[in-house]
1. Could you work out how far helix B:50-62 tilts from the main Cα principal axis of chain B, as a 0 to 90 degree angle to the nearest 10?
2. Could you list, bin by bin from short to long, the percent of Cα-Cα pairs of the stretch A:88-164 in 10 Å steps?
3. Report the label-to-label distance for A:Glu129 and A:Val13 in nanometres (one decimal), using points 7 Å from each Cα along the Cα→Cβ vector.
4. What is the spin-label model distance, in nm, from B:His143 to B:Phe9 if the labels are put 7 Å beyond Cα along the C-beta direction?
5. Under 5 Å between amide H atoms, partner at least 5 residues away or on a different chain: which partners does A:Val60 have, H built in plane at 1.01 Å?
6. May I ask you to sort A:Thr76, B:Thr52, A:Thr164, B:Thr204 by Cβ crowding, counting other Cβ atoms within 10 Å and putting the fewest first?
7. HN-Hα J couplings of the stretch B:164-176 from phi, Karplus 6.51/-1.76/1.60, θ = phi - 60°, integer Hz, Gly and Pro as x?
8. Trypsin sites (Lys or Arg not before Pro) within the stretch B:101-142: which are DSSP loop residues with at most 12 other Cβ atoms inside 10 Å?
Amino acid sequence: MPVRIVNLKVNGVDQAFMAKPETTLLLALREQLGLTGAKRGCAQGACGSCTVLLDGAPVVSCLVPAATVDGSAVATVEGLADGQELSDVQQAFIDGFATQCGFCTPGMIMSAEALLARNPDPTADEVNEAISGNVCRCTGYAPIVSAILDAARRRRDRAGQEATR
Amino acid sequence: MTLLYGRGFASVNYPTGMNLGGDPSQALIHATTMGGFVISLSSVDLGQGLKTVVAQCAAETLGMPMEQIIVDTADTDTGPHCMGTFASRGTHRVGNAVIMAAREAREVMLQVAADELEVDAGDLETDGSGYVRLKGSPAKQIHISDIALAAHFKQGKSISGRGMFLKERSYPVPETGEMDPDSCQAHACTVADVEVDDETGVVTVLRLHNTYEIGRALNPAMATQQVEGGAWMGVSHAIFESTEPYYPASRAHGPVDFSEYLMPGSGEIPEQTSVILERPSSNGPFGAKGIGEMTANAPIPAIANAIFDACGVRLTTMPFTPESVLRGLDALRDGA
């Protein structure tokens with residue numbers, strides 16, 4: 001398979017770049033599009049620090065050849081904030097002190113976003129399952145689980161307020 | 001099959017720093033033209049939060065807000081010397097060096113402000129929001145951005161300071177062995193509640209109760225997280241992590257990388273309560289002691305003791321695998 005041009009809609013913006021067959025989605029995001037939020041941890045799909053959303057589903061972008069997802073929509077942590085206003089999940093991570101060194105945080109947040117998009121009212125067990133592919137070596141996980149549950153509450157509250165308006 | 005429950009505890013005393021051939025860390029601080037303060041270090045923040053804590057130390061000493069502080073730990077080739085991030089020494093050594101540097105810079109800052117305000121520097125104070133003001137007459141004040149501009153463009157001064165913290169090498173007294181190898185010691189106790197399945201041998205850690213005496217907790221949220229994140233590592237050492245059964249004889253069957261190396265995930269975390277006790281050390285930055293490494297220690301013997309309490313099996317080799325529990329139970333039955 002030769003070098004080819006790959007088209008992606010990344011965080012709502014159309015992007016085109018050249019990709020070798022071995023170029024992973026992670027490498028393309030970081031090196032070619034300058035989006036360094038997704039981290040390269042293990043580079044074998046075990047740690048989850050490179051998690052992004054591919055057409056809404058969480059994937060470990062280190063295992064996705066970029067050329068195989070031509071035409072897809074990709075969401076990364078950089079696209080979550082609305083200007084200066086952070087997403088509910090991001091704000092809940094800060095308020096709940098759910099980060100220490102921060103290396104796992106973008107992947108955790110994207111896994112959480114994927115969970116809350118399909119399940120607005122998850123249990124702690126469901127949160128654990130959703131982030132079971134994301135490794136954290138600092139926090140002991142408890143503040144992360146609490147933050148995701150908190151983000152779910154914020155999002156439901158906001159939806160409730162908008163419904164009554 | 002019976003689920004057995006037990007409780008165990010363990011305590012740890014842990015030194016801050018170690019007895020090298022002297023254990024120095026140095027820091028430099030200088031103000032930019034905009035009135036930000038740059039702290040230059042070689043010390044490494046590998047995620048433990050050193051940059052946050054030393055920025056706090058500098059802000060507190062300078063009397064300036066945290067937002068004014070920039071910590072630059074870029075390069076061990078060009079930065080002031082630091083022995084490194086180990087021995088739970090970072091907060092203690094680097095914090096002390098940064099405070100010393102910030103004190104020197106503060107003196108220059110106040111002198112520059114005094115010359116601008118035409119008052120005596122001894123009559124000035126900081127308000128913590130970025131202003132230097134005359135004591136008792138707060139309307140007479142000058143912002144750090146104006147002080148920095150005056151220093152650079154009018155007075156030809158550098159608002160800067162040097163910090164040199166050195167724990168001198170300690171030699172033992174030949175007759176007694178007495179020596180002073182570390183700077184202070186933190187103390188902790190962990191109580192573990194476990195469940196042991198006597199059919200499968202599986203140990204589940206249900207709860208950990210942590211109490212840490214760590215001197216002044218410079219950042220209580222980070223200190224608590226260090227305690228609980230470290231306890232997670234302790235649980236991981238105690239009942240999960242192993243290269244057994246084949247290492248080192250054969251690498252063909254055991255874990256060869258971290259994707260196969262068993263560590264607890266978010267679903268296997270015990271409930272934790274953590275209490276921080278603050279008895280400030282005499283020589284730490286604002287009384288702090290180091291708590292980096294010790295947090296993984298106490299949970300392990302506490303869990304071993306809880307297993308003993310639950311089922312009578314005394315395990316002395318980590319990890320406490322189902323196999324080792326079952327072999328222990330068999331040995332108890334054989335002995336009975």
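Any read-out appearing in this document is the output of simple, stated calculations on the displayed coordinates, not a laboratory observation. Quick caveat: nothing in here was measured; it's all calculated off a predicted structure. Every residue, glycine as well, gets a Cβ built from its backbone with ideal geometry; the counts of neighbours run over all protein chains shown.
1. Roughly 30 degrees between the two axes.
2. P(r) for the stretch A:88-164, in whole percents per bin: 21, 56, 19, 4, 0.
3. Modelled inter-label distance: 3.6 nm.
4. 5.4
5. The list, which skips near neighbours in sequence, is empty: none.
6. Working: A:Thr76 24, B:Thr52 17, A:Thr164 6, B:Thr204 13.
So the ranking, lowest neighbour count to highest, is A:Thr164, B:Thr204, B:Thr52, A:Thr76.
7. Each residue of the stretch B:164-176 in turn: 10, 9, 10, 8, 6, 4, 10, 9, x, 5, x, 6, 10 Hz.
8. Values: sites: B:Arg103, B:Arg106, B:Arg133, B:Lys135, B:Lys140; in loops: B:Lys135.
Sites meeting the loop and neighbour criteria: B:Lys135.
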